[in-house]
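To keep things clear, I will list the structure first and then write my remarks on it.
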Amino acid sequence: MQVFRLPFQDRAAHPLSGASVLQVIPDLEANATARAAIDIAAALGAAGARALIACEGGRLKGELQAKGGIFVPFPSRTKNPIAMALNTRRLAHLIAAERADIVHVRSRALAWVAYGATRLTKTPLVTSFHSGCQGSNPITKRYNSGLARGDAVLADSAYAAALAGRLHAPAESKIHVVHQGLDCRIFAPDIVTPARVQYVRRNWKVAPHEQIVLLAVQASRASGHKILIAAARLLFASGLTGVKFVLASDRKESVLDRDIDRAIVGEGLQGMMYRTSPYDLPAAYLAASLVVVPATGAAAFGEAAVQAQAMGTPVIAANVGAAPETVLAPPFVAESDRTGYLVKPGDAAELAVAIAHVLSLGASASGKLSLRARKHVETRFSTERVCAATLDTYVALRRGSE
C-alpha cells in the first residue's frame, strides 16, 4: 500500500535518495508536531531516503514505523539547562553514529540542543518556526530565537517569517515560508458519509432544523471563547433563533473551562451554547453552518480555520497573526477571491454582525465561497505540497554542504 506520493516516480533519481535525515521532536503523541514529522518521514521514504525521528516515544510510534520511519530513543522533553547541555553532546554522538546528513528540529528547547550539536558535527540544521513564537519579554524572545538559527528556517506563514527575521536578523536570508500541512484525504467533504454527520448532530443534541455555529479550539486566555459568548448574547437579544453555539474540544475541567461555563450561564445562554467533545472532527465541520476562530492572539490562531475551509464550511476568524494568509478576505484580496471573513480581534459586536451575515447567505453564494475555500487549502496547505517544499529545502542544504 502506498502511504505517500511525491511528484517523481524513480526513487533513485531523487536527490535525497540514500540520504539520512534526523528529525528531533518532543514526543510521538497525537499532536501537530508529531504528525508533521511523520508526514515528512513518509515523504522521505518515498524519495528513497532514511528517515529517523529522535524523541521519547509515544502513541504514534507504530504509525511512524508503518510509514517507513525509524524511531530513535532520545530524552527530548527536558528544559533543564544542565540536561540540555548534556543532550547537546548526546545528540552530536547520535548524529555521528547515524551519519545524519540533515537535522530538522521543531521545538524551542530542542532547537538550542540541535543548534549546539550540529555546530559540533558541522551538519546542516533545519528549524521550523511557528507564528506563536513571538515572546512577550527579552528572555522569552531570546529563548524563541533558537528556532530562527537554522541553516534553513521553515516559517509556517509570512507573518512568522517576518517575526523570525526580527528575533534573529541573520536568519532573514535563510527563511522559507512553508505552511503547516493538512491531510486533504481526511478533511474532504466527499468522503464524510451522512451517517457520520448525523451521529455528530445527535450527540450534540441539535435538532434537524437548527444551524450550528462551531468553535473547535482548545480554550485558552487568547482563544476568544468569551468574545463568542458576548457575540451570541447580542445575537439572541436581537431575535436570533434556530441556532446552537457549540464549543467543541477535549473536555477538561480547568479553571478556565469552568469560567467559560459560568460565563455561558451568566449571559443566559444555557441550552443555546455549550461545551462538548468534537467526536469526529471532519464530520463536525461538515455538520456546522459556520466555524468561528475568534482568537485574540497569534499563538491561539491554530489549524481550525484551515480544516474548516477544507471541508467547505464558511469561516469567520479574528484578524490576528497569519489569519489573512489562512482566510482570504478583503481588503487583502478582491471580493471575488474571498474564502472566508475576517473581523477585528476582541470585537464582539463585529463578530455578531459577521455571524448573522454568514448564516443568512443563500445557497449560491455559500456554494461559491465553499469551492474557493477548498481550492485555497488544496493549493497552499495540502500535506503533499508542504512535504515537497520541505524536501526541496533539504536538497538545497545537502547540495550546499557537499
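Restricting attention to segment 241-285, the residues that are in contact with a Phe, Trp or Tyr (Cβ under 8 Å, 6 or more places away or on another chain) and either charged (D, E, K, R) or assigned by TED's automatic domain parsing to the domain that holds ALA30 (or both) add up to 2.
Take ALA152 and decide whether it is touching a strand residue (DSSP E or B) at 6+ places or on another chain (Cβ under 6 Å) and at pLDDT below 95.
Working: touching a strand residue (DSSP E or B) at 6+ places or on another chain (Cβ under 6 Å): yes; at pLDDT below 95: no.
Judged against the criteria, ALA152 is not a match.
Does segment 136-145 contain any residue that is in contact with a Lys or Arg (Cβ under 7 Å, 6 or more places away or on another chain), surrounded by fewer than 24 Cβ atoms within 10 Å (Cβ to Cβ) and among the polar types (S, T, N, Q)? If you could, list the steps in order and put the result at the bottom.
Restricting attention to segment 136-145, the residues satisfying the condition of being in contact with a Lys or Arg (Cβ under 7 Å, 6 or more places away or on another chain) are 143-144.
Then drop every residue that is not surrounded by fewer than 24 Cβ atoms within 10 Å (Cβ to Cβ), which leaves 143-144.
Checking which are among the polar types (S, T, N, Q) leaves us with 144.
Looking through segment 136-145, at least one residue is in contact with a Lys or Arg (Cβ under 7 Å, 6 or more places away or on another chain), surrounded by fewer than 24 Cβ atoms within 10 Å (Cβ to Cβ) and among the polar types (S, T, N, Q).
What residue, of ALA352, ALA373, is in contact with a Leu (Cβ under 6 Å, 6 or more places away or on another chain) and surrounded by 16 or more Cβ atoms within 10 Å (Cβ to Cβ)? First the steps, then the outcome.
On the way: ALA373 fails: in contact with a Leu (Cβ under 6 Å, 6 or more places away or on another chain).
So the residue among ALA352, ALA373 that is in contact with a Leu (Cβ under 6 Å, 6 or more places away or on another chain) and surrounded by 16 or more Cβ atoms within 10 Å (Cβ to Cβ) is ALA352.
Checking MET273 against (1) surrounded by 22 or more Cβ atoms within 10 Å (Cβ to Cβ); (2) at positive phi: exactly one of these is not met. Which one? It fails just one condition, (2). Considering segment 287-346, the qualifying strands (runs of 3 or more DSSP E), each wholly inside and each with 2 or more residues that are in contact with a Phe, Trp or Tyr (Cβ under 8 Å, 6 or more places away or on another chain) and closer than 27 Å to ASN203 by Cβ, run over 290-293, 315-318.
Do you know which residues across segment 161-176 are under 15 Å from ARG380 (Cβ atoms) and either crowded, with 19+ Cβ neighbours inside 10 Å or aromatic (Phe, Trp, Tyr) (or both)? Before you say what the answer is, go through the steps one by one.
So in segment 161-176, the residues under 15 Å from ARG380 (Cβ atoms) come out as 161, 176.
Across segment 161-176, the qualifying residue is only ALA161.
From the list ALA37, ALA83, ALA66, which residue is of a type in the set (Gly, Ala, Ser) and buried (at least 18 other Cβ atoms within 10 Å of the Cβ)?
Working: ALA83 fails: buried (at least 18 other Cβ atoms within 10 Å of the Cβ); ALA66 fails: buried (at least 18 other Cβ atoms within 10 Å of the Cβ).
Sole residue among the options that is of a type in the set (Gly, Ala, Ser) and buried (at least 18 other Cβ atoms within 10 Å of the Cβ): ALA37.
Filtered by the rule that a residue be over 12 Å from ALA109 (Cα atoms) and either of a type in the set (A, V, I, L, M, F, W, C) or touching a helix residue (DSSP H, G or I) at 6+ places or on another chain (Cβ under 6 Å) (or both), segment 83-93 gives LEU86, LEU91, ALA92. Screening ALA222 against (1) under 19 Å from LEU351 (Cα atoms); (2) out of contact with any Gly (no Cβ under 6 Å at 6 or more places or on another chain); (3) in contact (Cβ under 8 Å) with a residue 12 or more places away in the chain leaves a single unmet condition, (2). All conditions but one from (1) more than 30 Å from LEU397 (Cβ to Cβ); (2) surrounded by fewer than 17 Cβ atoms within 10 Å (Cβ to Cβ) apply to ALA158; the one that does not is (1). Is it the case that VAL24 is over 22 Å from ARG185 (Cβ atoms), in contact with a Leu (Cβ under 9 Å, 6 or more places away or on another chain) and touching a residue at least 60 places away in the same chain (Cβ under 8 Å)? Criteria met by VAL24.
Taking the numbered list (1) farther than 30 Å from ALA49 by Cβ; (2) basic (Lys, Arg); (3) crowded, with 16+ Cβ neighbours inside 10 Å in turn, ARG385 passes all entries but (1). Restricting attention to segment 108-131, the residues being over 19 Å from ALA161 (Cβ atoms) and either of a type in the set (A, V, I, L, M) or under 22 Å from the mean Cα position of the chain (by Cα) (or both) number 6.
Just one residue in the set SER238, SER220 is under 19 Å from SER249 (Cβ atoms), surrounded by fewer than 23 Cβ atoms within 10 Å (Cβ to Cβ) and among the small types (Gly, Ala, Ser); that residue is SER220. Scoring GLY181 on the criteria (1) surrounded by fewer than 21 Cβ atoms within 10 Å (Cβ to Cβ); (2) out of contact with any Leu (no Cβ under 6 Å at 6 or more places or on another chain); (3) not hydroxyl-bearing (Ser, Thr, Tyr) leaves a single failure, condition (1).
The values are calculated or read from the model by the stated rules, or taken from the named source; none is laboratory data. Everything numeric in this text was worked out from a predicted model, so none of it was measured. Glycine gets a Cβ as well: all are built from the backbone with ideal geometry, and neighbour counts include every protein chain shown.
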